[in-house]
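Comments concern the structure below.
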């Protein structure tokens, strides 16, 4: 054995580290999924959890493209949508079948069919679009998404027009004694497939193809030099990514029992892009965090404020400008920070930054909420904790300006200090 | 015959409006490599500014002030936003403008409300210019034509005949070299970004009352403008012009074609009652730009006139 | 992290806001777009319900119980609607109002049917105020669904009846959006015109893509060269506004008979050009004199919500009918109220409204109106408003359509 190989073995992770980094998180993830129902969540929470599960799989599938392969897509919902539609059709075939193949197919297996359909759609559409990377790929995905969404309105027999197509998840034979009628059974279904999807996608990152896709992202020319065709690598990764998006489509078909053409439009594609990026595309777990946050926000925040899209836009821009590693970057940075030797110094810095950000948030919320109420003109007044904040009140203006100024000043001071260090 | 005349006239106007929007985007795109997702938002801002200014003064003042305002905001975005994100690469820049489009949409809703505003054609231009084939032709359309051509000529003059134009042209093709020659490239970038946004704003001023001024106008125009820029080819204003006119004419004339797939492919045995057979060419019109985009990118990735791959 | 904090803050803010509201006995949910591009249409209806329930609560409430109305934002997505429906049901809502988008309504009907079958004793009722696909009270009818708006075929009945009274309309052009609703409108128009007015010729039947056309001038030129005397369209939103605007620009001065000409902002966008060209069919218009009380309501609505106009008359009718049914049933429980609603008649400001028992479709007078500058109540905060046309009143009986519904009722 030469010195070189000796060194590289020494650099490799020990089996304890491997367990801690590659097995333990998944065991914990599985445990969390299994424990949640014992807290007796309401049906609303259950529905939200089911959607979170679906979006976790979708966001991870999307990140196989954006984060891993460096391909920015504006139309990934097309694959989720096509597979979802296919699965709703299967639901109806199962319902209509009297024995035979469809009659004996448990609904539980739908995500597998979604996976296959997603792969097929990815293979067909990906063939022309994967020949280019970068902006050309992004533009083609945009064009394809617009085309598919428009086509869905034209072929009613396949897509059902604006009404979409709905099915009944309670049809077909029961699997493991589950009729999939009640929401908690759907939860187990979604949890199972979310776990399978997450583990499978993590394992994909460990395969040679997964590694090559990262290499193609970083330097396609070198990948070519060592004898691989970057176009082919991109194409294969694209098929897998579309397949996992299709799997999420299969899960969504069972949870929602309906698919409509808008599920293939630019809006869900843009939403998953935001979710993955806000979560942090450089970490495997980033899109998971992003999917959880975004699903929760889009479903709940709109109950509290009409300005939720504005908050969403602000949050997204903030992440793009100041936190390119996303939430996962913050979490892991914090985790590494509290274990580093100069943690007290770091903690002080973070505490100041947190105070600064919190101050700015107070101002922004006041500005946005007061502005929206003022512009809607119903004479409604923003009243946090019973404190009236009319648009022409002195306190309102103070609350809108002072914390913002203080926050900006504090953040700038921290930034200047860390530059000096 | 009358269909052809109308298609040509309306297609030209629509094409020129598209060009006004996409010329700014082309300049920005080719110089900075940023595909400005929020470009159509500046188009919307232009229309709303004009509406507000027109309410206080008159249309002619709005025609000058609104684009300038849009341009100033564009410069601010470049200076305090894009420049910061630049270090994180093109994807981050693209995403920044993507988020910015969301933001501008919402802010417009706060200021001007969520419904369309009553932005009218000024009275001095609101008359019938001529009547052909029994149909009135509004003078405002011809006005749009003149503004667009005037802008086209000024842009051409600015780029080809002035020193500023020379620097911009050089920066289009060799940005680094221009920087090495001692020009203030960030300033050029900011100026070009602002000018691009101002052009979009101008398109908004004259397009907002031709179409409709509401918070959805940016979302509807945005994707088509991209198509024009990409189909025309990077770094090529001529390409953008050809693409804009092509798409304008294609979309307007496709609408007047009543033929269905069954009429065209009938010899293959396609029946008019089948789902595919009953699709008409006119119903395909809005899809055509995207079809064109996908085809062009696959067949000729440099676009019609561009010399660089996207 | 900070995003989370912001959300928690927003959450706590709203919890405080909600706690200050009076405790209520009956919960009612309103599921429609309250933000995004379709936000205004949902909001205009939501404000109508807000006012209607405020009046109801002030007059003693629903069979003596106070009503709490909560809005849920579905962003016009059928999927999101189901999430919001689940939320509404979990918070204890028994009555669900929705209207924008037949796709959403179809999803809600389906979900409510499934929910009521899977959760007996915990039923909810869907009160549809604007989704007009005829199927909902025909082959797809449900005991749990009531519709307070006239469906597409009935509105078309009103339009074709009126065309029959106009001798100068001999050629009609049909134009609509290329999806199920547009197709249904076109089909209803051609079959009804062929039956009622055989001498009226249909000179064009065109479907254009939904929400994608920016310049309708080419379509207008097609209409012009066809020599049409009138245009029938089911277009809504900007497709409606842009179509009529292009017509005005090209000097096409023929009646445009629309379902949704009265929707927010359309008249303002057209200005004077809408006079005598824009027609709409609706269940009531503010400029029919319906007495002092109705005028007070219209003025109160305008004062409270200056962005909108009194347009959703059926929202007020729906609340009246719900209150009458609850009183008749002596309960606010879903099944008795639903049974009491069947066949119920209330006196509305613009004529009686009857909920037909066979299919749960409200039968009411329909009115054809056009834009005029000589009106009491303008719309969109300008001088123009809607005015009844000659022969524009279509009695409920002649707008009525037969139904194919085979209703399955619970015990």
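The values are calculated or read from the model by the stated rules, or taken from the named source; none is laboratory data. Treat the numbers as computed from the prediction; the structure is a model and nothing was measured. Glycine gets a Cβ as well: all are built from the backbone with ideal geometry, and neighbour counts include every protein chain shown.
Computed values, structure above
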quantity: Every residue from segment B:182-240 that is within 14 Å of chain C (Cβ to nearest Cβ), closer than 20 Å to residue B:140 by Cβ and touching a residue at least 12 places away in the same chain (Cβ under 8 Å); calculated: B:203, B:204, B:206, B:207, B:208, B:209, B:210, B:212, B:213, B:214, B:217, B:221
quantity: Residue match in segment A:205-214 (condition: assigned by TED's automatic domain parsing to the domain that holds residue A:99, farther than 30 Å from residue A:132 by Cα, touching a helix residue (DSSP H, G or I) at 6+ places or on another chain (Cβ under 8 Å) and buried (at least 20 other Cβ atoms within 10 Å of the Cβ)); calculated: no
quantity: Cross-chain or 6+ apart pairs with Cβ under 7 Å, segment C:77-91 first and facing chain A (nearest Cβ under 8 Å) and within 27 Å of residue A:81 (Cα to Cα), then modelled with pLDDT under 80 and assigned to a helix (DSSP H, G or I); calculated: C:78/C:103; C:83/A:299; C:86/A:43; C:86/A:44; C:87/A:44
quantity: Any hit, segment B:217-227, residues being more than 13 Å from the chain's Cα centre (by Cα) and either surrounded by fewer than 24 Cβ atoms within 10 Å (Cβ to Cβ) or in a helix (DSSP H, G or I) (or both); calculated: no
quantity: Segment B:113-127, residues that are over 25 Å from residue B:137 (Cα atoms) and buried (at least 19 other Cβ atoms within 10 Å of the Cβ); calculated: B:114, B:115
quantity: Residues within segment B:241-263 that are assigned to a helix (DSSP H, G or I) and free of Cβ contacts under 8 Å to residues at least 24 places away in the same chain, tallied; calculated: 3
quantity: Number of positions in segment A:121-135 that are in a helix (DSSP H, G or I) and buried (at least 19 other Cβ atoms within 10 Å of the Cβ); calculated: 6
quantity: Enumeration of residues in segment A:265-285 that are closer than 17 Å to residue A:138 by Cβ and within 12 Å of chain B (Cβ to nearest Cβ); calculated: A:265, A:266, A:267, A:269, A:270, A:271, A:273, A:274, A:276, A:277, A:281
quantity: Residues that are at pLDDT 85 or above, in a helix (DSSP H, G or I) and either within 14 Å of chain B (Cβ to nearest Cβ) or under 23 Å from residue B:252 (Cα atoms) (or both), drawn from segment C:183-213; calculated: C:186, C:187
quantity: Residues (within 9 Å of chain A (Cβ to nearest Cβ) and assigned to a loop (DSSP other than H, G, I, E, B)) located in segment B:289-304; calculated: B:301
quantity: Criterion: buried (at least 24 other Cβ atoms within 10 Å of the Cβ) and modelled with pLDDT under 75 - qualifying residue of B:276, B:255; calculated: B:255
quantity: Residue in segment C:328-346 that is buried (at least 21 other Cβ atoms within 10 Å of the Cβ), in the same structural domain as residue C:26 (by TED's automatic domain parsing) and under 30 Å from residue C:384 (Cα atoms) present; calculated: no
quantity: Segment A:284-294, residues that are in contact (Cβ under 8 Å) with a residue 60 or more places away in the chain and surrounded by fewer than 24 Cβ atoms within 10 Å (Cβ to Cβ); calculated: A:284, A:285, A:292
quantity: Within segment B:109-144, considering residues that are assigned to a helix (DSSP H, G or I) and touching a helix residue (DSSP H, G or I) at 6+ places or on another chain (Cβ under 6 Å), the one farthest from residue C:218 (Cα to Cα); calculated: B:110
quantity: Selection status of residue C:96, surrounded by 22 or more Cβ atoms within 10 Å (Cβ to Cβ), out of contact with any helix residue (DSSP H, G or I) (no Cβ under 6 Å at 6 or more places or on another chain) and not in a helix (DSSP H, G or I); calculated: yes
quantity: Matching residues in segment C:315-332 - criterion: being free of Cβ contacts under 8 Å to residues at least 40 places away in the same chain and out of contact with any strand residue (DSSP E or B) (no Cβ under 7 Å at 6 or more places or on another chain); calculated: C:325, C:328
quantity: Only one of A:280, A:356 that is within 17 Å of the chain's Cα centre (by Cα) and free of Cβ contacts under 8 Å to residues at least 60 places away in the same chain; calculated: A:280
quantity: Residue A:391, sole failed condition from (1) more than 22 Å from residue A:278 (Cα to Cα); (2) in contact (Cβ under 8 Å) with a residue 12 or more places away in the chain; (3) assigned to a helix (DSSP H, G or I); calculated: (3)
quantity: Yes/no for residue A:191 being over 30 Å from residue C:115 (Cβ atoms) and in the same structural domain as residue A:36 (by TED's automatic domain parsing); calculated: no
quantity: Among residues of segment C:374-397, those that are touching a helix residue (DSSP H, G or I) at 6+ places or on another chain (Cβ under 6 Å) and either closer than 28 Å to residue C:196 by Cα or not assigned by TED's automatic domain parsing to the domain that holds residue C:267 (or both), counted; calculated: 2
quantity: Residue satisfying condition, being within 14 Å of chain B (Cβ to nearest Cβ), surrounded by fewer than 22 Cβ atoms within 10 Å (Cβ to Cβ), touching a residue at least 40 places away in the same chain (Cβ under 8 Å) and closer than 23 Å to residue A:260 by Cβ, within set A:158, A:142, A:147; calculated: A:158
quantity: Failed item in (1) touching a helix residue (DSSP H, G or I) at 6+ places or on another chain (Cβ under 7 Å); (2) more than 30 Å from residue B:91 (Cα to Cα); (3) at pLDDT below 90, with residue A:86 passing the rest; calculated: (3)
quantity: Some residue of segment B:19-36 being within 14 Å of chain A (Cβ to nearest Cβ) and either at positive phi or over 22 Å from the mean Cα position of the chain (by Cα) (or both); calculated: yes
quantity: Single residue of segment A:248-264 satisfying the filter (over 17 Å from residue C:109 (Cα atoms) and at the interface with another protein chain (Cβ under 10 Å from one of its Cβ atoms)) that is surrounded by the fewest Cβ atoms within 10 Å (Cβ to Cβ); calculated: A:262
quantity: Spans of helices (runs of 4 or more DSSP H) in segment A:1-120 with at least 2 residues under 29 Å from residue A:208 (Cβ atoms); calculated: A:3-11, A:15-18, A:24-35, A:43-63, A:77-96
quantity: Enumeration of residues in segment A:311-333 that are facing chain B (nearest Cβ under 7 Å) and surrounded by fewer than 19 Cβ atoms within 10 Å (Cβ to Cβ); calculated: A:321
quantity: All positions within segment C:41-75 that are closer than 30 Å to residue A:255 by Cα, in contact with a strand residue (DSSP E or B) (Cβ under 8 Å, 6 or more places away or on another chain) and part of a loop (DSSP other than H, G, I, E, B); calculated: C:74
